[in-house]
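The values are calculated or read from the model by the stated rules, or taken from the named source; none is laboratory data. Computed from a predicted model, the values in this text were never measured in an experiment. For neighbour counting, all protein chains shown are included, and Cβ atoms are generated from backbone atoms with ideal geometry for every residue, glycine included.
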Amino acid sequence: MTPSSPPLERLIQLNNYFIQSIGHCVSWATLMLVLTTCLVVIMRYLFNIGSAALQESLLYLHSLIFLLGAAWTLQKDGHVRVDIFYRPLSAKGKAWVNALGSLMLLIPTCIFLLWISWEYVASSWAYFEGSRESGGIDGVFLLKTLLLLMPILLILQGLANLLYSLLVITNHIKPTTSHDETQL
């Protein structure tokens, strides 16, 4: 990011850095998930020891990876796309598809997810919902909060993608070939 960058480009770069930082943190949760799974298997089958909290931690880690990693995946253009029509498009054509997709599909869907999840998460926080298993993790309310964080992060990334696409469409910036750290 250069100090002479136009304000919209700086805003996009700042957002990308924020989402990328979350993505890098979440990527470490993947390693933790693998190691914890190995530990659960070793404890159960070699030592005949079980732990509800350790078992539940797998669910927490998996949820964290999936829900908080979605925006980073979107930033890296790693989401599922039908490339039959998209791939042969020009840079401006792709920018139009991305802009319309963000504006008409991604952002409204995320707003809907926030709307339907709000009461569910709020009621969980009202009594600090914990595990139903004895010895489980008493942080279900924190786990459910991820249902609000995911659409918020996706909206942020969707807005950044929308702004980037608009800058490409209006010829204010040259499009990059991929969504990597060098974008903008």
message: If I ask for residues that are surrounded by 16 or more Cβ atoms within 10 Å (Cβ to Cβ) and among the aliphatic types (A, V, I, L, M), which ones from region 59-89 would you list?
response: LEU61, LEU64, ILE65, LEU67, LEU68, ALA70, ALA71, LEU74
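Per-residue answers, yes or no, for (1) at pLDDT below 95; (2) in a helix (DSSP H, G or I); (3) under 17 Å from LEU153 (Cβ atoms):
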site	(1), (2), (3)
LEU67	no, yes, yes
ALA70	no, yes, yes
GLY78	yes, no, yes
LYS94	yes, yes, no
LEU106	no, yes, yes
message: Any residue in region 138-163 that is among the polar types (S, T, N, Q) sitting within a Cβ distance under 8 Å of a residue that is surrounded by fewer than 18 Cβ atoms within 10 Å (Cβ to Cβ)? List the pairs, counting only those 6 or more apart or interchain.
response: THR145/TRP125
Residue match in region 37-60 (condition: closer than 30 Å to THR170 by Cα, touching an Asp or Glu at 6+ places or on another chain (Cβ under 8 Å) and touching a residue at least 40 places away in the same chain (Cβ under 8 Å)): no
statement: Of GLU133, GLU129, the only residue that is touching a residue at least 60 places away in the same chain (Cβ under 8 Å), acidic (Asp, Glu) and not in a helix (DSSP H, G or I) is GLU133
query: Out of curiosity, is TYR120 hydroxyl-bearing (Ser, Thr, Tyr) and within 23 Å of LEU163 (Cβ to Cβ)?
result: no
query: What is the number of the single condition among (1) crowded, with 17+ Cβ neighbours inside 10 Å; (2) assigned to a helix (DSSP H, G or I) that ILE152 does not meet?
result: (1)
query: GLY50 passes all but one of (1) part of a helix (DSSP H, G or I); (2) at pLDDT below 95; (3) closer than 22 Å to GLY139 by Cβ; (4) in contact with a helix residue (DSSP H, G or I) (Cβ under 9 Å, 6 or more places away or on another chain); which number fails?
result: (1)
message: Being under 25 Å from GLY130 (Cα atoms), over 19 Å from the mean Cα position of the chain (by Cα) and touching a residue at least 60 places away in the same chain (Cβ under 8 Å) is the requirement here; does SER63 meet it?
response: no
